[in-house]
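The values are calculated or read from the model by the stated rules, or taken from the named source; none is laboratory data. It should be emphasised that the depicted structure is a prediction, and the values quoted were computed from it without experimental measurement. Positions of Cβ are generated from backbone atoms using ideal geometry, with glycine treated the same way; all protein chains shown enter the neighbour counts.
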Amino acid sequence: MGSTTSVTPLTAVVGDEELLVDRAVAELVAAVRAGDPDVDVHDLVPGQVTAAKLVEVTSPSLFGERRVVVLRSAQDLTKDIAAVVTGHIKDPADDVVLVLVHAGGAKGKALLDTAVKAGATRVSCAKLTKGPERLNFVKGEFSRAGRQIAPDAAQSLLDAVGTDLREIAAACTQLIADTDGRIDTAAVARYHTGKAEASGFTVADRAVEGRLPEALEQLRWSLSVGTAPVLINSALASAVRGLAVVAQPPRGGSEADLAKRAKVPPWKLKTLRQQARGWSPQGLARAMSVIAETDALIKGAGRDPAYALERAVIEIATARSRRG
């Protein structure tokens, strides 16, 4: 997607794999910006948008300014807002690029069907549930960076990291930054036996452990090597969500059930339990609130994602000992 001409006026990003969704939206916005650096981007979620606001941003501009309107979680739109979207799809403004993000299930399917029938470009972002799919994803990460990874090394990487796509992507990013040439199993083994993983997940681990100076150092390093702010905040969200699960585990549940609820591999439960010490319900609630605020700032409400993340890391690290 190198120019505005390669982006159609209507795109449906369909699926529930957040990493792929965020990348697809970012690539679409970047493609429009490549041809028009001054394009106005509106990144909206159902809880923050009204029908009036949507009419305003999708109406023809008096001055011909180009706009990109991203509607997240389109399956959760209320009837009045969905009606505005349908109206725009049937009679679109020439200077508006509309990106509908839909989870892909039965909920809100009528709106998605309307978009597809109107000729929307469909971008599939379904979860990668099979081993070969994740293997191809790893190879693709290296290919995007102009690098190669041996098939057995790609499998070793998956064996070491697990099935979470953000964690896999972070591991690939780090390997690419830390190595030269074709990646083999020896390089993967070196990386996973002693080298600190400076990624969003390292930032999150240090923050929830209350180790603020290290968390900030890892944050600046991650941003400097090009880790997307949305991925770092997602890692913070995953870490805090995991703490909340292990802090109040349901009675009678198995370790496997607990790991599934925390969305981590079973081996990570021990680390989560250690990190959960010192956290109170009030502290966790504050951390969750900070992450939600930061998500909104990164996705359009703020101008400086790096500052928003730095503030989030400080707030989360200090929330650890919060009692009231």
Checklist entry - Gly140: closer than 27 Å to Leu236 by Cβ and without any contact (Cβ under 8 Å) to a residue 24 or more places away in the chain, yes or no? => result yes
Item to check | Subset of the range 68-83 that is surrounded by 21 or more Cβ atoms within 10 Å (Cβ to Cβ) and in a loop (DSSP other than H, G, I, E, B) - its residue that is nearest to the chain's Cα centre (by Cα) | outcome: Arg72
Next on the checklist: at pLDDT below 90 and at positive phi: is that true of Gly200 in this structure?
Outcome noted: no
Checklist entry - What's the number of the condition Ser73 fails, among (1) on the phi > 0 side of the Ramachandran plot; (2) touching a Lys or Arg at 6+ places or on another chain (Cβ under 6 Å)? => result (2)
Checklist entry - Out of the range 259-274, which residues are more than 15 Å from Val161 (Cα to Cα), within 23 Å of the chain's Cα centre (by Cα) and touching a residue at least 12 places away in the same chain (Cβ under 8 Å)? => result Arg261, Ala262, Leu272
Checklist entry - Only one of Leu309, Leu243, Leu258, Leu236 is over 19 Å from Thr202 (Cβ atoms) and in the same structural domain as Glu214 (by TED's automatic domain parsing); which? => result Leu258
Checklist entry - Within the range 147-155, is even one residue outside the structural domain of Val32 (by TED's automatic domain parsing), assigned to a loop (DSSP other than H, G, I, E, B), surrounded by 14 or more Cβ atoms within 10 Å (Cβ to Cβ) and on the phi > 0 side of the Ramachandran plot? => result no
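Can you say whether Val138 is under 19 Å from the mean Cα position of the chain (by Cα), part of a helix (DSSP H, G or I), outside the structural domain of Thr294 (by TED's automatic domain parsing) and modelled with pLDDT of 85 or more, as far as the supplied structure shows?
Working: under 19 Å from the mean Cα position of the chain (by Cα): yes; part of a helix (DSSP H, G or I): yes; outside the structural domain of Thr294 (by TED's automatic domain parsing): yes; modelled with pLDDT of 85 or more: yes.
It is true that Val138 is under 19 Å from the mean Cα position of the chain (by Cα), part of a helix (DSSP H, G or I), outside the structural domain of Thr294 (by TED's automatic domain parsing) and modelled with pLDDT of 85 or more.
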Checklist entry - Hey, among Arg166, Arg147, Arg220, which residue is basic (Lys, Arg) and modelled with pLDDT of 90 or more? => result Arg147
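When you scan the range 54-67, do you find a residue that is in contact (Cβ under 8 Å) with a residue 60 or more places away in the chain and in a loop (DSSP other than H, G, I, E, B), even just one? Walk me through how you get there before you give the answer.
First pass over the range 54-67, keeping only residues in contact (Cβ under 8 Å) with a residue 60 or more places away in the chain: 66.
Next, from what is left, pick out any that are in a loop (DSSP other than H, G, I, E, B): 66.
Yes, the range 54-67 contains at least one residue that is in contact (Cβ under 8 Å) with a residue 60 or more places away in the chain and in a loop (DSSP other than H, G, I, E, B).
A quick yes/no check of all residues on (1) assigned by TED's automatic domain parsing to the domain that holds Phe137; (2) surrounded by 14 or more Cβ atoms within 10 Å (Cβ to Cβ); (3) within 30 Å of Thr173 (Cβ to Cβ); (4) among the charged types (D, E, K, R):
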site: Val29; (1), (2), (3), (4): no, yes, yes, no
site: Val39; (1), (2), (3), (4): no, yes, yes, no
site: Lys53; (1), (2), (3), (4): no, yes, no, yes
site: Glu56; (1), (2), (3), (4): no, no, no, yes
site: Lys90; (1), (2), (3), (4): no, no, no, yes
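What helices (runs of 4 or more DSSP H) lie completely within the range 245-324 and have 2 or more residues being of a type in the set (A, V, I, L, M) and surrounded by fewer than 15 Cβ atoms within 10 Å (Cβ to Cβ)?
Helices (runs of 4 or more DSSP H) meeting the threshold: 281-296.
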Checklist entry - Can you tell me which residues in the range 108-118 are at pLDDT 95 or above and either not in a helix (DSSP H, G or I) or not assigned by TED's automatic domain parsing to the domain that holds Pro9 (or both)? => result Ala118
Item to check | the range 95-120: number of residues that are within 21 Å of Val7 (Cβ to Cβ), of a type outside the set (Ser, Thr, Tyr) and free of Cβ contacts under 8 Å to residues at least 40 places away in the same chain | outcome: 3
